[in-house]
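Asks: A single structure is presented below for examination.
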Amino acid sequence: MVQPPTLGAVLAGGLSRRMGGGDKTLLSVAGLTLLEHAAQRLAPQCDGMIVNANGDISRLGTSLHPVVPDTIEGHLGPLAGILTALEWSAVHRPDIDWVVSVPGDTPFIPADLVRRLHGARIDSGQPLACALSGSQVHFAVGLWPVSLRNDLRQALLDKEIRSIRDWVQLHGYATASWPVEPIDPFFNVNTPEDLTEAGVLALQRGG
């Protein structure tokens, strides 16, 4: 399969309440921030990259990728980050019809993520695709057509939809599945205990 041009978007706009607030994605694991882990693993799979983050972007330091705040105010969650990536792509990369998103607190995303998401949505005939590991669908790890940006904006503003799950179920979605052993590639860091575990897992897999 020839993979269509795809923009990568790392969603780093969360409020990190379970970590006590602050910028969870800037916490360090094996010498890199969670954000750097996610971006470095996603970038080689994509034809461009952005980081979706709100507030003072200087706190992110020197970024190799554009940092783009939500296009809708109010900290409406990862669905607003996906909308931001779709709208940014339409304006700045009109040659790209697809966006893949990953949370900024997911340091072990697989190297075949984008290819397999495209394969899943083509094989199923569905317009969207999300990652699956074990029995859990990871709705924030997904593949989104730029053509649905206006639909998504309407869902957020007019229908007040906030859940990625609720929006994708309106359209239908495929899943691409990965095993959870030896490491769940979609392990994400929500608590201090998760951060400690991520450090152990990073050592096991060599960084």
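Quick note: the coordinates plus some simple rules give every number you see, no bench work behind them. What you see is a predicted model, and the numbers here were worked out from it, not measured in a lab. A quick note on method: Cβ atoms are made from the backbone with ideal geometry, for glycine too, and the neighbour counts reach across all protein chains shown.
Asks: Of Leu86, Leu148, Leu117, which has the largest mean-square fluctuation in a 10 Å C-alpha GNM of the chain?
Replies: Fluctuation is largest for Leu148.
Asks: Still on this structure: Evaluate the distance, in nm, between pseudo-label points positioned 7 Å from the Cα of Asp112 and of Gln169 along their respective Cα→Cβ axes.
Replies: Output for this residue pair reads 3.0 nm.
Asks: For the pair Asp151 and Asp95, how long in nm is the line joining their label points, each one 7 Å along Cα→Cβ?
Replies: With each label placed 7 Å out from Cα toward Cβ, I get 2.7 nm.
Asks: In whole Hz and in residue order, list the ³J(HN,Hα) couplings for the stretch 135-145 that follow from phi through the Karplus curve 6.51 cos²θ - 1.76 cosθ + 1.60, θ = phi - 60°; x for Gly and Pro.
Replies: So the J values, rounded to whole Hz, are 9, 9, 7, 9, 5, 6, 9, x, 10, 10, x.
Asks: Rank the residues Glu197, Glu181 as a footprinting-exposure proxy: fewest other Cβ atoms within 10 Å of their Cβ go first.
Replies: Sorted ascending by nearby Cβ count, the order is Glu181, Glu197.
Asks: If you take the beta carbon distance between Ser124 and Glu73 as r and set R0 to 41 Å, what does 1/(1 + (r/R0)^6) give as a FRET efficiency, to the nearest 0.05?
Replies: FRET efficiency, Ser124 to Glu73: 0.70.
Asks: Check which residues have an amide H placed less than 5 Å from Val68's amide H, if you skip close sequence neighbours.
Replies: Amide H neighbours of Val68: Val51, Asn52, Ala53.
Asks: Still on this structure, please answer the following. Express the relative contact order of the stretch 78-174 as a whole percentage, based on alpha carbon pairs under 8 Å and six or more residues apart in sequence.
Replies: Relative contact order here is 35 percent.
Asks: Would you please classify the overall shape of the stretch 24-108 from the alpha carbon gyration tensor, given that a ≥ b ≥ c denote the square roots of the eigenvalues, rounded means a/c under 1.5, and beyond that prolate means a/b larger than b/c while oblate covers the rest?
Replies: Oblate is the answer for the stretch 24-108, as a/c is 1.5 or above yet b/c matches or exceeds a/b.
Asks: Follow-up question, since we're still on this one. Would you kindly state how much longer the chain becomes between Leu64 and Gln40 on full extension, computed as 0.36 nm times their sequence separation minus their alpha carbon distance, in nm to one decimal?
Replies: 7.6 nm
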